[in-house]
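Below is one structure; the comments refer to it alone.
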């Protein structure tokens, strides 16, 4: 990582609301984050925390019931949130590409996979057919599909889950995008296939220098891919920092609970997992104060009354919790978490020594 | 944990179980060996974790045990009784009552048109565990409290509950007929991480409190390690390695187990970015020439390898 980095995407104060019969669902509530060139930003959170809505907004894929209440998303001097459908045609798929969770439903089942890749070249780049085919086969080889010439003429159902996801990655990377958005790309895959797909995405990223936004709920995956991490809860980014900040020095109680509730390899059988109680709040009527207060065992009185602002921990690390207020009482992180952090730091030292 | 081999109190004994599926006719005939010669035992009060990737046959194993499929070969003994063949109606009832299943998907495994009381009570009525409505209500109430829900939940419908609560209801239904064996088929993989921990804690408490015997089927190795007393790893319908979790995880022998363990992402960015993955290539085995079989690594650890591979392992270990 170099010292000077330029922001490729700057999202400020993004707020998205869905208008439904039951009322207004506040899916994303003033979230701000930056994406730096060549880096990976991971957005972590439970289902319903607003992570998918956030990236759909950045792709202009929100449905008619959604309204962007406020905020800006500056990309190349252009505010994506104000882009018209005409502008999106120039951005979507060319500048910003996306990989979806389910590789089966994001491919056309009645079209040969080779065609699905080469149409990017013929339609977007107006390339002659023969050349497009050649490029597609090269690309299929690059994403690790054996015998690409034969595979070019096959249909998605001929491919296994991991292979399908490779095709989706090939399609996303065909037009050399500046930003790649991965929405849970490995959730539907087995661990060993997940490992292959993750290293493929990492490799392609190194080769093309694309900046990536990676959405997942698996903290292990986050540790593998992320340079920066944004933890989302109830539509808000509650903690934001570099991967080292988040994993070695987490500040927000939600991040603590999320990390502590994962069973890991050091855990003895029969040990109590430190589970989070309750469920995420209903975003039709988010609670007053801190949305996490209800489930937070360390909640303070002020958490019920006033929403915490983003406190600065260091130049790269921010967290929205009243616990960082100078007059808040000091609390200890859960023991499991402390043990894991100590383990990680020890491992880091060992690695530095070789 | 050490008295695993207590022969007299084995709840489930699976011997050389085979389940082959056939499709097509003539030249197009295909036989899929979903489960191929799988044997294991579960003593009373223990949890056996069955791990493997999708398509390895772990779910089929569970379903064959519960008599949803007719096995191609092999035997299943439940409480010392052979249950894989033809059974009399009374024996069938005993099996249905004695083995219960927790399903993966808490949404599709509950009937949306039944109240929670009806869902919990249906099996009890069919198996004639309860005589009348009062008894049924009492049992349903006991169960719903056991899984941490309350009395007023009994008259509600499944759509009124969250995923974690639905899975609790699934567990309550499973426990209602007081089974001696529970087959839990990926009970937490459809749940969010924070909810997953709640359900795992609940299962763990119930296991301790009621002394449950569980066949725990999952693909998440860390969950299985946390939850099981004994672990079996499946690949392509075969059990390739089994042992105590402490031994199997610290010292995997089969190349497939090694690859599977190495693929688990670790929540530590420094380590995770630095390390590589071990990959499994089935062509390392020379099985047409050498017959593989279950070999003992230690008292509580077995692996499916050929004699030559075992020799190589013994050499590298010493």
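Computed from the coordinates by the stated procedures, all read-outs in this text should not be read as laboratory data. The structure presented is a predicted model; accordingly, all values stated were derived computationally and were not measured. Quick reminder, even Gly has a Cβ in these numbers, built from the backbone with ideal geometry, and neighbours come from all protein chains shown.
For the residues B:283, B:246, B:177, a GNM of chain B with alpha-carbon springs under 10 Å puts the largest fluctuation on B:283. Taking label positions 7 Å along the Cα-Cβ direction at both residue B:131 and residue B:307, the computed distance is 6.4 nm, reported to one decimal. On the basis of the beta-carbon distance and an R0 of 22 Å, residue A:306 and residue A:24 show a calculated FRET efficiency of 0.50.
Give me the Kirkwood hydrodynamic radius of segment B:140-238, using the inverse of the mean 1/r over all pairs of distinct Cα atoms, in Å to one decimal. It is 14.4 Å.
Across chain A, Cα pairs under 8 Å and at least six residues apart give a relative contact order of 19 percent. Helix A:129-142 versus the longest principal axis of chain A: what angle, 0 to 90°, nearest 10, using Cα atoms? Orientation of helix A:129-142: about 40 degrees from the principal axis.
Note on B:272-283: average number of Cβ atoms from other chains within 10 Å of each residue's Cβ is 3. Could you work out how far helix B:133-146 tilts from the main Cα principal axis of chain B, as a 0 to 90 degree angle to the nearest 10? Orientation of helix B:133-146: about 50 degrees from the principal axis. When you count the other C-beta atoms within 10 angstrom of each residue and take the mean per peptide, A:160-167, B:29-36 line up highest first as A:160-167, B:29-36. Between residue B:273 and residue B:86, the contour length at 0.36 nm per residue exceeds the Cα-Cα span by 61.8 nm.
Using only alpha carbons, segment B:244-318 has a radius of gyration to Kirkwood radius ratio (Rg to Rh) of 1.02. Only helices enter the 222 nm calculation for the protein assembly as shown: every DSSP H run of n ≥ 4 contributes -39,500 (n - 2.57), and dividing by all residues gives -10000 deg cm²/dmol, rounded to 500.
With a cut-off of 8 Å between alpha carbons and a minimum separation of six or more residues, what is the relative contact order of segment B:244-318 in percent?
Details: 53 pairs, mean separation 21.0, N = 75.
Relative contact order here is 28 percent.
Per-residue shielding of A:256-264, expressed as the average number of other chain Cβ atoms within 10 Å of the residue Cβ, stands at 5. Once you reduce segment B:122-149 and segment A:227-251 to the center of their Cα atoms, the two points are 45 Å from each other.
Within the listed set B:16, B:96, B:285, the Gaussian network model of chain B (springs between alpha-carbon atoms below 10 Å) gives the highest mean-square fluctuation for B:285.
What does the structure give for A:114-125 when I average, per residue, the other chain Cβ atoms found within 10 Å of the residue Cβ? Let's see the in-between values first.
Numbers: counts 0, 0, 0, 0, 0, 0, 0, 0, 0, 0, 0, 0.
Per residue, the number of nearby Cβ atoms from other chains is 0 on average.
Under a Gaussian network description of chain A, with springs only between Cα atoms under 10 Å, the residue in A:66, A:243, A:234 that fluctuates furthest is A:66. When the inverse distances between all different Cα atoms of the protein assembly as shown are averaged and flipped, the Kirkwood radius reads 27.3 angstrom.
Based on alpha carbons, the Rg and Dmax found for chain B are 21.0, 66 Å.
Extent of chain A along its three principal axes (Cα atoms, max minus min coordinate, largest first): 68, 51, 41 Å. Measuring from centroid to centroid over Cα atoms, what is the spacing of segment B:207-260 and segment A:145-186 in Å? Centre-to-centre distance over Cα atoms comes out at 32 Å.
Where the centre of each part is set by its Cα atoms, how far does segment A:276-326 sit from segment A:191-215, in angstrom? If we compute the Cα centre of each part, the gap is 33 Å. Against chain B, whose longest principal axis comes from its Cα atoms, helix B:116-126 is set at around 80 degrees. If R0 is taken as 45 Å, the Cβ-Cβ distance between residue B:250 and residue A:72 corresponds to a FRET efficiency of 0.30.
This ranking places B:274, A:298, A:322 by how few other beta-carbon atoms lie within 10 Å of each, fewest first, which gives B:274, A:298, A:322.
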